[in-house]
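The values are calculated or read from the model by the stated rules, or taken from the named source; none is laboratory data. Keep in mind that what you see is a predicted model, and the values were worked out from it rather than measured. Note that each Cβ is placed from the backbone with ideal geometry, even for glycine, and that neighbours are counted across all protein chains shown.
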Amino acid sequence: MQKRLLFLILIGFISFSTQAQHPQKPNASEIYQSIQKLNFLGSVLYVAAHPDDENTRLISYMANHVNARTAYLSLTRGDGGQNLIGPEIREQLGVIRTQELLGARRIDGGEQLFTRANDFGFSKHPDETLTIWNKEEILSDVVLAIRKFKPDVIINRFDHRSSGNTHGHHTTSAILSVEAFDLANNNSAYPDQLKNVDVWQPKRVFFNPSWRFYGSQEKLDEVDKSNFISLDLGVYYASSGLSNTEIAALSRSMHASQGFGNTGTRGELFEYLELIKGDFPQDKLNIFEGIDTSWSRIEGGQAIESILNQVQKNYNFNNPSASIKELVRAYQLIQNLNNEHWKQLKSKEIKNIIAACAGLYLEASSSTNHTTNNETIKINIEAINRSHSNIVLENYITSNKLAIQKSIQLKNNIGYHFSETITIEANQAPTTPYWLSKKGTLGMYHVDNPLWIGLPETPKPNNIVFNLMIEGTPISYSKPIVYKTNDPVKGEVYKPFEIIPEASAKISEKVIIFENTHQKEISVTVKAGRNNLEGYIEISHPNDWKIYPQKQKILIPHKGEEQKFVFTITPPIHQSEGYISPIVSINDKQYSKELIEIDYNHIPFQTILLPSESKMVRLDIKKKGENIAYIEGAGDVVPESLRQIGYNVTILKPESITPETLSSFDAVVIGIRAYNTVETLKFKQQFLFDFVANGGNMVVQYNTNRGLLTNELAPYDLTLSRDRVTDENADVTFLAPNHPLLNYPNKITKQDFEDWKQERGLYFPSDWDKAFTPILSMSDKGESAKKGSLIVAKYGKGYYIYTGLSFFREFPEGVSGAYRLFANILSIGKGNINTKDSK
């Protein structure tokens, strides 16, 4: 049935990271489903803007019920979203969400594609989106995806006719898809692509509306559906014991960083497709109506279809290997096809099926998960044929292009093990996501290799090619080198085999705030990618900053070990900003990148190389109050940022909130989306309100208005909305210019709102009790003023503050004004000043 699905279910959906990378071992039902898919020559491309936009029910239905080749084209990697599972944002979050999408596709049977668009954050209109994205380049990427994938049918998640009604990225994805529908078959459109791909004309394009598009299920029910196709996506697959919607829920739940854990449903579920372009199918249950999806669509295909029909008819679930000889015959005929597109696709599919039927297991594993250039490593090779088929291992070719002759008959269920050594080439690029190799722009990632545009991951450079004779026919399999070991708790552990630099360096703090002219020490960690690393480290810095010492000696005896270095920084007297970067010199080479490792249970282990730099800010800032309790929400770096400006910050677990524990703090800060994610908080609200009444300050950062775990966010009435200001340069008006929040202990001016990143803020309150004072007004172009970004109310002896301003984004970027304003928020009521505008 569903490719890989039963294996995932058997080992458990949420599992160790080792299992996220475990080799595929299809069972008999999965092999049979693959044979059915082999006999279907039709394809569907689903198009939207972000990870989690895709309709996993529809993707699973097309892949597993219709048996079509199905892919999801996500214009972005979700870099601009929030992260509910950790502190990673921007590029690192994009890597996580890329892997979540790949995990989702492993479950629902689809494939994953991308463009070079960088998710820069929420956008209210396609016009705004396309001022930041390069329209021609993104459009060319969509055209390229169509030309490479060659879909018969395109399905858009969003409507191209409703600009301004949803996220600008959403509408833009549909606009570009509709434009690309015609351009993909135009020889004069992006002609450089035609060196590697051919033009292609899809048959039809649909819009996949949900009830949310119309406002409610009732309104959707009333829509004229004469131009709609209706599909029941609730079909049940007896071979797996799951409904299509249950599979889709497992797929959807892979989006852990977005908090999209999903419960499976059962029973009929109708989905609608509205025709946008192309001819309307006469059969409203078949989106492929009028499209030949049999082998007859290509010259020479009928003979292949005849063989595969017999394979499918005679398939033995107890002995899949009985199909191998006929599958090999079909493979031989596929090699004679003139249609390169289907020849490549179907060759790959049938090779995998032959291997699965034979229980053929081929693996190349390393005893280390990373090495560096010019290093020699040992590779363990395993080959086993668990069938009576005639299979000979002729040779295997290493990544150094060295052919190792074997000519060994792989006897049934006899394991063959070999050991080889390979040397990593001197010029091999380090392992990192290809779209992060060079600095891009706010809206675009830079990709040098045009053949890589759209790929979900960087192609693995280190592979072993196994050349076999199966039933007298030469068939080759390429296997990436992996790292495999045994963990006493987790058992068999797999990680990718990676190439890292011989040296990498990271500064402990990404933003270093100097609130006065006092010196600070920074810690720099150098990691060795090989044994006996010798050299020196220095720090690149602005001229008006001083760093001592200038250089320090590096001596690290063993690969993987780290050495820490402490440098002393003296800031200038005046307010100043700048960046520092470590420079590691080894012989005649210099290294200035940080090696970042991302390790979560639900995705494969990830290695990223990014420029290692930290922002230094000599900040004119004052503050009152010292001790801050921070209650974590969905993950941010606000606590570390507050420590940077001299606050004593304690992470307070919600279950530890009592009047006694709160009494030692000047303020309590609630992390982003805490009231969406932390169930315990709703039982602690009265303790927090009493803390305010007794003279403390309570600062609540943004929450979404959907999925609130309590309706009592504040001691007064407070209603959240979806109001947001996405223009980080939007003009800010001071509604209460004399209020302490704008005057004490720091005088806040318009200059403090310069250089903000990605947005001003999000999910502002829309209605509030008269006890609150709104402090700021702001709006995006053409919209009414939003006054809920920062509101404050006196409650008893203390203050309650709610803010949707995106401090969680500004602090990691070292935005001076954000620090100064937040210091005022924490300091309110802590000094003897005129508070005439406070309530």
Next on the checklist: Quick check on Ser779: is it without any contact (Cβ under 8 Å) to a residue 60 or more places away in the chain and closer than 20 Å to Asp717 by Cα?
Outcome noted: no
Item to check | helices (runs of 4 or more DSSP H) lying entirely in the stretch 109-210 (those with 2 or more residues that are of a type in the set (Val, Ile, Thr) and more than 27 Å from Ser784 (Cβ to Cβ)) | outcome: 135-149
Checklist entry - Can you find even one residue in the stretch 187-210 that is under 21 Å from Pro456 (Cβ atoms), surrounded by fewer than 19 Cβ atoms within 10 Å (Cβ to Cβ), aromatic (Phe, Trp, Tyr) and in the same structural domain as Leu75 (by TED's automatic domain parsing)? => result yes
Next on the checklist: Looking at (1) of a type in the set (D, E, K, R); (2) over 19 Å from the mean Cα position of the chain (by Cα); (3) surrounded by fewer than 22 Cβ atoms within 10 Å (Cβ to Cβ); (4) modelled with pLDDT of 95 or more, which one does Asp127 not meet, given that it meets all the others?
Outcome noted: (4)
Checklist entry - Across the stretch 222-273, what is the total count of residues that are assigned to a loop (DSSP other than H, G, I, E, B) and not small (Gly, Ala, Ser)? => result 15
Item to check | Failed item, numbered, when Ile631 is tested on (1) farther than 24 Å from Ile539 by Cβ; (2) aliphatic (A, V, I, L, M); (3) modelled with pLDDT under 95 | outcome: (3)
Next on the checklist: So the check is Cβ under 6 Å with 6+ separation or different chains; which pairs have a first residue in the stretch 194-214 that's within 16 Å of Arg161 (Cα to Cα) and a second one that's part of a helix (DSSP H, G or I) and of a type outside the set (D, E, K, R)?
Outcome noted: Val205/Phe181; Tyr214/Leu220
Checklist outcome for this item: Going through the stretch 742-798 in order, the residues found to be touching a His at 6+ places or on another chain (Cβ under 9 Å) and of a type in the set (A, V, I, L, M, F, W, C) are Ile775, Val792
Item to check | Pick from the stretch 254-279, criterion hydroxyl-bearing (Ser, Thr, Tyr) and closer than 28 Å to Asp221 by Cα, ranking: nearest to the chain's Cα centre (by Cα) | outcome: Thr263
Next on the checklist: Checking the structure you have, find out if any residue of the stretch 737-758 is out of contact with any Gly (no Cβ under 7 Å at 6 or more places or on another chain), part of a loop (DSSP other than H, G, I, E, B), polar (S, T, N, Q) and farther than 17 Å from Phe822 by Cα.
Outcome noted: no
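Which one is surrounded by the most Cβ atoms within 10 Å (Cβ to Cβ), of the residues in the stretch 631-663 that are among the hydroxyl-bearing types (Ser, Thr, Tyr) and more than 21 Å from Tyr702 (Cα to Cα)? Lay out the reasoning, then the answer.
Let us first name the residues in the stretch 631-663 that are among the hydroxyl-bearing types (Ser, Thr, Tyr), namely 641, 647, 650, 656, 658, 661, 663.
From what is left, the residues that are more than 21 Å from Tyr702 (Cα to Cα) are 647, 656, 658, 661, 663.
Numbers: Tyr647: 22, Ser656: 15, Thr658: 10, Thr661: 15, Ser663: 10.
Ranking the candidates gives Tyr647 first.
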Item to check | Flag if Lys747 is at pLDDT 95 or above, among the charged types (D, E, K, R) and either assigned by TED's automatic domain parsing to the domain that holds Val699 or surrounded by fewer than 22 Cβ atoms within 10 Å (Cβ to Cβ) (or both) | outcome: yes
Checklist outcome for this item: Filtering strands (runs of 3 or more DSSP E) wholly in the stretch 759-839 for at least 2 residues that are under 36 Å from the mean Cα position of the chain (by Cα) and at pLDDT 95 or above gives 761-768, 776-778, 790-795, 798-803
Item to check | Filtered residues of the stretch 313-345 (kept if touching a helix residue (DSSP H, G or I) at 6+ places or on another chain (Cβ under 9 Å) and among the aliphatic types (A, V, I, L, M)) | outcome: Ala322, Ile324, Leu327, Val328, Ala330, Leu333, Ile334, Leu337
Checklist entry - Going through the stretch 366-387 one residue at a time, which ones are of a type in the set (Ser, Thr, Tyr) and surrounded by 15 or more Cβ atoms within 10 Å (Cβ to Cβ)? => result Ser366, Thr368, Thr371, Thr372, Ser387
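Every residue, every condition in (1) in contact with a Leu (Cβ under 6 Å, 6 or more places away or on another chain); (2) surrounded by 18 or more Cβ atoms within 10 Å (Cβ to Cβ), yes or no:
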| position | (1), (2) |
| --- | --- |
| Gly278 | no, no |
| Phe288 | no, yes |
| Glu299 | no, no |
| Ala303 | yes, no |
| Ser321 | no, yes |
| Ala330 | yes, yes |
| Asn336 | no, no |
| Lys343 | yes, no |
| Ser347 | no, no |
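Take Lys346 and tell me if it is part of a helix (DSSP H, G or I), within 25 Å of Val205 (Cα to Cα) and either among the basic types (Lys, Arg) or in contact with a strand residue (DSSP E or B) (Cβ under 8 Å, 6 or more places away or on another chain) (or both).
yes
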Item to check | Pair list, Cβ < 7 Å and 6+ apart or interchain, from the stretch 296-311 residues that are farther than 22 Å from Ala28 by Cβ and outside the structural domain of Trp342 (by TED's automatic domain parsing) to residues that are hydroxyl-bearing (Ser, Thr, Tyr) and surrounded by 13 or more Cβ atoms within 10 Å (Cβ to Cβ) | outcome: none
Checklist entry - Given Ile85, Ile31, which one is out of contact with any His (no Cβ under 6 Å at 6 or more places or on another chain), under 29 Å from Asn486 (Cα atoms), modelled with pLDDT of 85 or more and not assigned by TED's automatic domain parsing to the domain that holds Gln201? => result Ile31
Next on the checklist: With the requirement that a residue be outside any helix (DSSP H, G or I) and of a type in the set (A, V, I, L, M, F, W, C), what does the stretch 311-343 give you?
Outcome noted: Phe317, Leu337
Checklist entry - Does the stretch 356-363 contain at least one residue that is crowded, with 16+ Cβ neighbours inside 10 Å and over 30 Å from Thr421 (Cα atoms)? => result yes
Checklist entry - Of all strands (runs of 3 or more DSSP E) completely enclosed by the stretch 495-596, which ones contain at least 2 residues that are surrounded by 15 or more Cβ atoms within 10 Å (Cβ to Cβ), modelled with pLDDT of 95 or more and in contact with a Lys or Arg (Cβ under 9 Å, 6 or more places away or on another chain)? => result 503-507, 520-528, 533-540, 562-570, 576-586
